[in-house]
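*Asks:* Pasting a structure below so you can have a look.
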Amino acid sequence: MEKLLFYVFAAVLIFAATMVITARNPVHAALFLVLAFFNSAVLWIIAGAEFLGIVLVLVYVGAVMVLFLFVVMMLDINLARLREGFIRHLYIGLPIAAIIVVQMILVVNTGAMSPGEMPEPAMPIPEDTGNTSMLGGVLYTVYVYPFELAAVVLLVAIIASIMLTLRRRDGVKHQDVAEQVRVRKEDRLRKAQFPRAADDGRNDNEHPDR
């Protein structure tokens, strides 16, 4: 059953990856890439690396691909120009794809990736322990300082990107909290005097809406 699931999801993954590079519509290509990521996550989970599968779904499908999809949908992309470029660059893409396929076949045929040639892990994972807990234990004990340093670097990068994009433009209204707190009623409220409507000779009882 495990081999059957592997071949089924691997076939869907190859189909989705092929459609990513052959789809004419960029939105369809992004959706096929989401499908490819999902099938890749399933393959990781079948191989016993559930942490990589979960990260692939949460990070790439849940964040990166959703961002790509919204950007592609908001951009005004000329689909006719994309169709013209596909045929024009086909003579370059086919030799590169053939070279990649030949390299993959040569690597697989060497037998270096067979289960018998793989080295034994230095710390085998027990049967009742998942790799997520093992990675968490190593990350927050042995590599806790590099992990915190990477978090600080990412925080600095986020602040720097915000400061680079935060520009003062003419005609743009900015919120001043201190000025809002110091506001008075006289600064915002203005009494308006409207002339009274001329009396047409009837009393107010005849005009209940007054």
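Readers should treat all values here as calculations from the given coordinates under stated rules, not as data from a laboratory. Predicted model only: the values in this text are computed from it and were never measured. Don't worry about glycine lacking a Cβ; one is built from the backbone with ideal geometry, like all the others, and counts go over all protein chains shown.
*Asks:* Roughly how many nanometres apart are two label points built 7 Å out from the Cα toward the Cβ at VAL183 and MET19?
*Replies:* 5.2 nm
*Asks:* Name the lysines eligible as straight-distance cross-link partners of LYS173: C-alpha to C-alpha under 28 Å, and not fewer than 8 places from it in the same chain.
*Replies:* LYS185, LYS191
*Asks:* For labels at VAL142 and ASP176 in the simple 7 Å Cα→Cβ model, what's the distance in nm?
*Replies:* Each label point is offset 7 Å from its Cα along the Cβ direction, giving 5.7 nm.
*Asks:* What's the extension gain from VAL27 to VAL71 if we count 0.36 nm per residue and subtract their Cα-Cα distance? If you can, show how the numbers build up before the last one.
*Replies:* Details: separation 44, 0.36 × 44 = 15.84 nm, distance 0.97 nm.
That works out to 14.9 nm of additional length.
*Asks:* So if R0 is 30 Å, what FRET efficiency would VAL59 and HIS89 give, r being the distance between their Cβ atoms, rounded to the nearest 0.05?
*Replies:* Working: r = 31 Å, r/R0 = 1.02.
The pair VAL59/HIS89 has a calculated efficiency of 0.45.
*Asks:* Report the FRET efficiency, 1/(1 + (r/R0)^6), for LEU106 and ILE159, where r is their Cβ-Cβ distance and R0 is 41 Å, rounded to 0.05. Provide the component values of the computation, followed by the final result.
*Replies:* Numbers: r = 47 Å, r/R0 = 1.14.
It comes to 0.30.
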